[in-house]
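Trainee: To start, I am sharing the structure in question, which I have written as structure tokens.
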């Protein structure tokens with residue numbers, strides 16, 4: 001099941017940068033915002049594979065940064081296999097690496113796995129990586145289908161997680 005992520009109001013870590021690339025994962029964050037706003041996750045005929053509540057969140061962040069004079073852009077994903085950031089192909093990661101060279105920071109809208117994927121991919125650059133959402137836990141959802149091809153998710157439960165980097169790294173041998 002997807003991670004349950006919360007919005008972060010005003011991200012103070014971004015205040016010192018003049019350029020920020022927003023890199024969204026389109027799975028867990030979109031599902032989380034759809035659930036928390038009680039809106040459709042996917043409306044195939046209206047927005048195809050975009051979630052309205054997540055798109056508003058991205059646009060709000062972008063607008064707030066631009067109001068402060070920060071140059072921003074969004075690293076967009078249009079194909080289904082590009083939606084889950086932690087599962088991006090090497091070609092997709094290379095495209096991201098080429099784009100980040102124009103920015104001082106990247107804002108990752110996703111979980112710790114998404115942040116690690118971005119950080120590992122762009123480690124050869126001076127670009128700073130900032131996580132833009134807070135991971136609360138794993139969510140269990142009940143999907144529902146409404147005509148015309150709308151998929152909604154109802155939150156059943158959230159199982160809290162405790163991120164233990166050092167213990168996990170030891171267990172998997174990294």
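Trainee: Can you sort 127, 86 so the residue with the fewest Cβ neighbours within 10 Å comes first?
Mentor: Values: 127 22, 86 16.
Final ranking by Cβ density, sparse to dense: 86, 127.
Trainee: Using a basic spin-label model with each label point 7 Å from the Cα along Cα→Cβ, how many nm lie between residue 18 and residue 74?
Mentor: 2.6
Trainee: Now for a separate question. Could you work out how much longer the chain between residue 101 and residue 120 gets when fully extended? Use 0.36 nm per residue separation minus the Cα distance between them, nm to one decimal. Don't skip to the answer; put the middle values down first.
Mentor: On the way: separation 19, 0.36 × 19 = 6.84 nm, distance 1.46 nm.
Separation in residues times 0.36 nm, less the Cα-Cα distance, equals 5.4 nm.
Trainee: Based on the Cβ-Cβ distance of residue 162 and residue 38, what FRET efficiency does E = 1/(1 + (r/R0)^6) give at R0 = 30 Å, to the nearest 0.05?
Mentor: Computed FRET efficiency for residue 162 and residue 38: 0.60.
Trainee: Another question, then. Pop a pseudo-label 7 angstrom from the Cα along the beta-carbon direction at both residue 147 and residue 90 and give the gap in nm to one decimal.
Mentor: Using points 7 Å along Cα→Cβ, the separation is 4.9 nm.
Since every read-out is calculated from the coordinates, none of them should be taken as a lab result. This one's a predicted model, so the numbers in the text were calculated from it and none came from an experiment. Note: ideal-geometry Cβ built from the backbone for every residue, glycine included; neighbour counts use all protein chains shown.
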